[in-house]
Amino acid sequence: MKKVFINGLSAIGAQPVFEGFAPEKFVLNNEETAFCPVQPSYKEMIAPGAIRRMAKGVKMGIYTAHHALKEANNPVPDAIIVGTGIGCIEDSEKFLNAIIDNQEEFLTPTSFIQSTHNTVAGQIALEMGCKAYNFTYVNGIVSLETSIQDALLQLQFENKKSILVGGVDETAPTTVHIYKKVDRIKEYRDDEDFMHPTSKGTVYSEGAAFFVLETEKKENSYAELTAVYSSNALSKEAVEQFLEQHQLSFSDIDVLFTGNDGSTQNESAYLAFEAYFPESIRAMSKHLSGHYHTASGFALWSACHILKNQEIPAVYRRNQLQKSKLGTILIYNYDQGNHGLILLKAC
């Protein structure tokens with residue numbers, strides 16, 4: 001089997017991550033129930049006239065895709081694969097509001113066209129003139145994991161050399177309002193700690209993360225992307241089998257990166273999974289990024305930097321275990337019965 005390496009990456013989120021990996025600049029927010037992304041200046045790569053017409057998700061996607069490719073020395077990707085949970089939801093809301101306000105008459109199709117889930121992947125391809133395989137996966141909390149799974153298959157069996165893969169999601173006012181009504185987002189936090197949730201609902205956010213996956217290891221490679229797995233059921237035996245397929249056991253995982261989202265609805269699943277790895281350093285990321293369908297992209301971005309730097313910043317830690325070397329990281333993501341795993345190795 002061919003090895004796959006992450007040779008370029010970029011992210012935008014609730015922390016100033018587009019500037020690079022600088023955890024000392026991260027700010028813990030224990031008050032807001034929805035995080036806003038720290039956004040870069042898009043003018044360096046998108047014309048001002050186009051910026052005004054673009055959805056947030058499209059702008060974040062184009063920016064992070066461009067910078068990930070730049071880090072990987074600008075390869076022309078053999079495929080562009082994007083995962084998203086709710087797509088460009090802000091444009092969807094604009095179109096639906098226009099239907100109501102205009103009584104279903106005199107509608108312009110712009111918002112409808114831009115609201116489709118594959119808009120981000122399409123716009124990235126148009127920006128770089130890429131006519132290769134272009135696919136978007138909409139698979140809830142494991143949308144990014146599914147996209148990575150496709151990318152690994154393409155690299156293994158379709159003779160692809162370089163693939164751009166990423167995840168992007170945005171928020172919109174009506175969606176946030178509805179999610180609060182059904183306890184998907186907290187109504188208030190009252191200084192509630194992500195590590196010890198006491199109420200239903202999570203802290204919502206938006207963001208994007210893109211990665212260049214290649215079969216060639218380079219000097220600037222971040223990590224080896226060994227495997228990905230997603231399922232609507234995950235037993236201890238299934239996790240053990242997943243690890244055994246890659247000649248690993250529970251004790252071989254140096255860092256367990258979990259997606260604890262500050263909700264009592266999901267906390268029991270995370271605690272049960274963590275119990276499988278008593279010898280692992282435990283880390284988390286959603287207290288920094290907030291929760292959204294492709295927030296595992298922020299975790300993957302963080303894990304790549306941690307493996308490359310061989311150091312876990314205190315802001316990520318859930319325990320104080322120490323390891324002389326960080327060789328493997330397992331990222332676990334869960335929400336509403338869906339489980340996702342991403343396995344990384346140092347390279």
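The values are calculated or read from the model by the stated rules, or taken from the named source; none is laboratory data. As the structure is a prediction and not an experimental result, all values here were calculated from the model. Positions of Cβ are backbone-derived with ideal geometry, glycine not excepted, and every protein chain shown enters the neighbour counts.
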Query raised in the report: Could you say whether any residue in the stretch 183-198 is touching a Lys or Arg at 6+ places or on another chain (Cβ under 9 Å), surrounded by 15 or more Cβ atoms within 10 Å (Cβ to Cβ) and either modelled with pLDDT of 95 or more or outside the structural domain of E32 (by TED's automatic domain parsing) (or both)?
Result: no
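Which is assigned by TED's automatic domain parsing to the domain that holds S147, of a type in the set (D, E), touching a residue at least 12 places away in the same chain (Cβ under 8 Å) and over 28 Å from Q154 (Cβ atoms), of E104, E44, E32, E71? Step through it out loud before you land on a result.
Working: E104 fails: touching a residue at least 12 places away in the same chain (Cβ under 8 Å); E44 fails: touching a residue at least 12 places away in the same chain (Cβ under 8 Å); E71 fails: over 28 Å from Q154 (Cβ atoms).
After applying the criteria, what remains is E32.
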Requested in this report: Find the helices (runs of 4 or more DSSP H) located wholly in the stretch 260-340 whose residues include 1 or more that are more than 18 Å from the chain's Cα centre (by Cα), and list them.
Outcome: 264-274, 296-309
Report summary line: Here the residues within the stretch 126-163 that are touching a Ser or Thr at 6+ places or on another chain (Cβ under 7 Å), closer than 26 Å to S231 by Cβ, of a type outside the set (S, T, N, Q) and in contact (Cβ under 8 Å) with a residue 60 or more places away in the chain are V142, L144, E145, L155
Query raised in the report: Out of the residues in the stretch 278-294 that are in contact (Cβ under 8 Å) with a residue 60 or more places away in the chain and either in the same structural domain as P37 (by TED's automatic domain parsing) or of a type in the set (A, V, I, L, M) (or both), which is nearest to A208 (Cα to Cα)?
Result: L288
Requested in this report: Evaluate the following for S205: is it within 18 Å of A65 (Cα to Cα) and modelled with pLDDT of 90 or more?
Outcome: no
Report task. Answer yes or no: is there a residue in the stretch 308-325 that is crowded, with 22+ Cβ neighbours inside 10 Å and of a type in the set (S, T, Y). Result -> no
Report summary line: Of those in the stretch 79-97 that are among the small types (G, A, S) and buried (at least 24 other Cβ atoms within 10 Å of the Cβ), the residue modelled with the highest pLDDT is G83
Query raised in the report: Looking at V76, is it in contact (Cβ under 8 Å) with a residue 40 or more places away in the chain, exposed (fewer than 14 other Cβ atoms within 10 Å of the Cβ), not in a strand (DSSP E or B) and not basic (K, R)?
Result: yes
Report summary line: Note on the stretch 176-194: residues assigned to a loop (DSSP other than H, G, I, E, B) and touching a helix residue (DSSP H, G or I) at 6+ places or on another chain (Cβ under 7 Å) are E187, F194
**Report entry** Residue list for the stretch 108-122, filter: part of a helix (DSSP H, G or I) and at pLDDT below 95
**Finding:** T110, S111, F112, I113, Q114, T119
Query - Enumeration of residues in the stretch 209-236 that are in a loop (DSSP other than H, G, I, E, B), small (G, A, S) and crowded, with 23+ Cβ neighbours inside 10 Å - result: none
